[in-house]
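Since every read-out is calculated from the coordinates, none of them should be taken as a lab result. Just so it is clear, the structure is predicted and the values come from calculations on it, not from any experiment. Neighbour counts are summed over all protein chains in view; Cβ atoms, including those assigned to glycine, are modelled from backbone coordinates with ideal geometry.
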Amino acid sequence: MTDTAKPWNSPMPDDQFALMREILAAPSPVGLEAAMTYGVLKPHFERFAPKSWQLRQFMGHAGVVLDTHPGRDDLFKVMIIGHADKIRMQVRSIGDDGKIWINSDSFLPNVLVGHEVTLFSEDPEAPGSYRRIEGGTVEALGAIHFSDPAQRNGEKGIKKEQLYLDLQIHGENKKQQVQNLGVRPGDAILFDRPIRHGFSPDTFYGAYLDNGLGCFVTAEVARLIAESGGTEQVRVMFAIASYEEIGRFGSRVLAGELEPDAIIAVDVNHDYVAAPGIGDRRMQPLEMGKGFTMSVGAIASEQLNRIVEKTAREQDIPMQRDIVGVDTGTDGMAGVLAAVDCVATSIGFPIRNMHTISETGYTRDVLAAIHAITHTVKALDALPDPHREFRDHHPRLDQAGALDHQGADKPDADDK
């Protein structure tokens, strides 16, 4: 395969970047994911999916599943999962001075201050109808002049209880002004920060890469599988889950309902090389720009990982091994949490500044993940019997061969 036939070695095309941006921009906080699932992904799926494929919707959440072979439980079922829910800020109470006190959710309080946000408010007079309020910023301390010396020199941080949304309310009856807008405790707040191209080649940055990126990858794998003619012995379920950020509850439902034989979760990962202040933790040196990541450990299936890694090597797709310990930290745990017998792994891409307004990624890592998963699905489809492959070939460490000392010579590639 030539470099020109390897999309992960080239810049992401503009139309593909535009789709990624549209998916990431959808306002889909936890519990209100339909803007991404129904507003962007459902119509996108419908544009390319063959008529025989089926889009499944759910009652308790806004997740969707695009199914290549609905009803074919005899086939080997592979579920590829991204999650649409974004961490969100939330209105806690309204002060007499017009301040809207908020919860920070999974954000560090100090990364929120000063940033523009949108408040989404359900109309009290028309339940089910939502309005948006723009132009507000998250604040905590006001001017530096009002902070104590420990806050000025960095010894003391910001507590989450100090955070409030400033809508520049002034004049008489400040609290009433806010209440007249219909703002109520529980209303969701999201950053105003769509992704844009970064300074360095093939980079991008913005809010909520976690995990619109996983949804984008899942959708692109679905498109590529459809364009290649689909699969024969593998039933692929392209799943967009919810509630991942609060415990991976949505993917647990999807796995429990559809009982996949294999799960491939797609989620962001960390660039540990660039992460400040963690050098003494001796983390695996995952790095933005070095390819997609594959989880090793926890419930990650060595058999499934073997197919992923072999496929990546055959296609010359750059890959990094991620050590996950007792928990993948992703929807890769869905099968275990739903008590479904399946093999599973987690595929990702290193990003920087996770859960901030300036999450940063590398388009070629994302493309590497898309094509690695696509080729993995094709490799599974080419197996003589996918069910028996996983039932009969669990690794046997009692059959491990002896390994002797290999000397100190470096491979030729390292000598250059």
Checklist entry - Which whole-Hz ³J(HN,Hα) couplings does segment 68-74 yield from phi under the Karplus relation 6.51 cos²θ - 1.76 cosθ + 1.60, θ = phi - 60°, glycine and proline marked x? => result 6, 9, x, x, 8, 6, 6
Checklist outcome for this item: Projected onto the charge dipole of the chain (unit charges on the beta-carbon of Lys, Arg, Asp and Glu, signs +1, +1, -1, -1), the Cα from L190, G332, A372 with the largest positive-side position is that of L190
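Suppose we look only past 38 Å in the calculated P(r) of the chain. What percent of the Cα-Cα pairs does that tail hold? Spell out each step's value before the answer.
On the way: 22915 of 86320 pairs.
The proportion of pairs with Cα distances above 38 Å equals 27 percent.
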Checklist outcome for this item: Sorted by chain and number, the residues with a modelled amide H under 5 Å from that of Y130, at a separation of 5 or more or across chains, are D123
Checklist entry - Could you give the dipole magnitude of the chain about its Cα centre, charging the beta-carbon of Lys and Arg +1 and that of Asp and Glu -1, in debye to the nearest 20? => result 480
Next on the checklist: Can you compute 3J(HN,Hα) from phi for each residue in segment 198-205, using the Karplus curve 6.51 cos²θ - 1.76 cosθ + 1.60 with θ = phi - 60°, rounded to whole Hz and x for Gly and Pro?
Outcome noted: x, 5, 6, x, 6, 9, 8, 8
Checklist entry - What longest range of the chain stays clear of loop-exposed GluC sites (Glu not before Pro) (DSSP non-H/G/I/E/B, at most 14 other C-beta within 10 angstrom)? => result 233-416
Checklist outcome for this item: Interchain or sequence-distant (5+) residues whose placed amide H lies within less than 5 Å of the amide H of V64 are I240
Item to check | Relative contact order [Cα under 8 Å, 6+ residues apart], segment 240-324, whole percent | outcome: 23
Checklist entry - What 222 nm value per residue comes from the helices of the chain, counting each DSSP H run with n ≥ 4 as -39,500 (n - 2.57) and dividing by all residues, nearest 500 deg cm²/dmol? => result -7500 deg cm²/dmol
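Can you pick out the pairs among K51/K77; K6/K378; K378/K410; K42/K290; K160/K290; K6/K86 whose Cα atoms lie more than 25 Å from each other? It would help to have the intermediate numbers written out before the result.
Working: K51/K77 19 Å; K6/K378 16 Å; K378/K410 35 Å; K42/K290 32 Å; K160/K290 36 Å; K6/K86 31 Å.
Result: K378/K410; K42/K290; K160/K290; K6/K86 exceed 25 Å.
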Checklist entry - How big is the charge dipole of segment 89-191 about its Cα centre, in debye rounded to the nearest 20, if each Lys and Arg gets +1 on its Cβ and each Asp and Glu gets -1 on its Cβ? => result 200
Checklist entry - If you project the alpha carbons of segment 89-191 onto the principal axes, what extent comes out on each, in Å, largest first? => result 48, 33, 19
